[in-house]
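To start, the structure under review is shown below, and the notes come after it.
The values are calculated or read from the model by the stated rules, or taken from the named source; none is laboratory data. Note that the structure is a prediction, hence the values are computed from the model and not measured. Here the Cβ positions follow ideal geometry from the backbone for every residue, glycine too, while neighbour counts run over all protein chains shown.
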Amino acid sequence: MMSFMVFKAPVEGATHIFRPGEPFMQILVLPQQNDLQLVPMSDEEAAEREVQYRRIHQSRETLGKETEWVSASNTVFDGTYRHLLRAAKARERE
């Protein structure tokens with residue numbers, strides 16, 4: 001079995017703010033053997049995903065605004081998907 005844990009740590013001198021309902025770590029557990037069957041996407045599903053990808057990519061500058069950070073390995077991250085998740089949760093509450 002393989003396990004991965006990912007923590008988002010603030011830069012030195014900064015404070016991480018824990019918000020109720022928002023994750024602060026991620027755990028991924030992968031069994032060594034599984035019964036998963038990979039199947040190709042239908043053309044319709046592939047087209048829907050491509051449209052979704054393009055919309056997110058075009059909106060990334062706005063969605064990730066003021067949430068960009070650079071890791072110790074100089075990889076750039078932003079809060080685009082955090083904002084999308086927050087919007088989806090707000091829509092569910094309505």
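Beta carbons closer than 6 Å, at least 6 apart along the sequence or on distinct chains, pair a first residue in region 63-88 that is closer than 19 Å to H16 by Cα with a second that is part of a loop (DSSP other than H, G, I, E, B) and among the β-branched types (V, I, T) for D78/T67; G79/T67.
Within region 57-73, how many residues turn out to be out of contact with any Asp or Glu (no Cβ under 6 Å at 6 or more places or on another chain) and either part of a strand (DSSP E or B) or closer than 24 Å to A14 by Cβ (or both)? Even if it seems obvious, please write down each step before you answer.
From region 57-73, those out of contact with any Asp or Glu (no Cβ under 6 Å at 6 or more places or on another chain) are 57-63, 65-66, 69-73; that's our starting set.
If we keep only those that are either part of a strand (DSSP E or B) or closer than 24 Å to A14 by Cβ (or both) as well, we get 60-63, 65-66, 69-73.
Within region 57-73, residues that are out of contact with any Asp or Glu (no Cβ under 6 Å at 6 or more places or on another chain) and either part of a strand (DSSP E or B) or closer than 24 Å to A14 by Cβ (or both) number 11.
Any chance region 46-56 includes a residue that's touching a Ser or Thr at 6+ places or on another chain (Cβ under 8 Å), surrounded by 10 or more Cβ atoms within 10 Å (Cβ to Cβ) and outside any helix (DSSP H, G or I)? Taking every residue of region 46-56 in turn, none turns out to be touching a Ser or Thr at 6+ places or on another chain (Cβ under 8 Å), surrounded by 10 or more Cβ atoms within 10 Å (Cβ to Cβ) and outside any helix (DSSP H, G or I).
Return yes when T75 is surrounded by 10 or more Cβ atoms within 10 Å (Cβ to Cβ) and among the polar types (S, T, N, Q) and no when it is not. So T75 does not fit the description; no. Filtering region 4-45 to residues that are surrounded by 10 or more Cβ atoms within 10 Å (Cβ to Cβ) and either part of a helix (DSSP H, G or I) or touching a residue at least 60 places away in the same chain (Cβ under 8 Å) (or both) leaves E22, E45. Checked against (1) within 19 Å of the chain's Cα centre (by Cα); (2) at pLDDT 90 or above; (3) surrounded by 10 or more Cβ atoms within 10 Å (Cβ to Cβ), A90 meets all criteria but (3).
With respect to R60, is the statement that it is surrounded by 11 or more Cβ atoms within 10 Å (Cβ to Cβ), basic (K, R) and under 13 Å from the mean Cα position of the chain (by Cα) true? Even if it seems obvious, please write down each step before you answer.
Numbers: surrounded by 11 or more Cβ atoms within 10 Å (Cβ to Cβ): yes; basic (K, R): yes; under 13 Å from the mean Cα position of the chain (by Cα): yes.
Taking the combined requirement at face value, the residue satisfies it.
Please work out if T67 is in contact with a helix residue (DSSP H, G or I) (Cβ under 8 Å, 6 or more places away or on another chain), of a type outside the set (A, V, I, L, M, F, W, C) and modelled with pLDDT of 85 or more. Taking the combined requirement at face value, the residue satisfies it.
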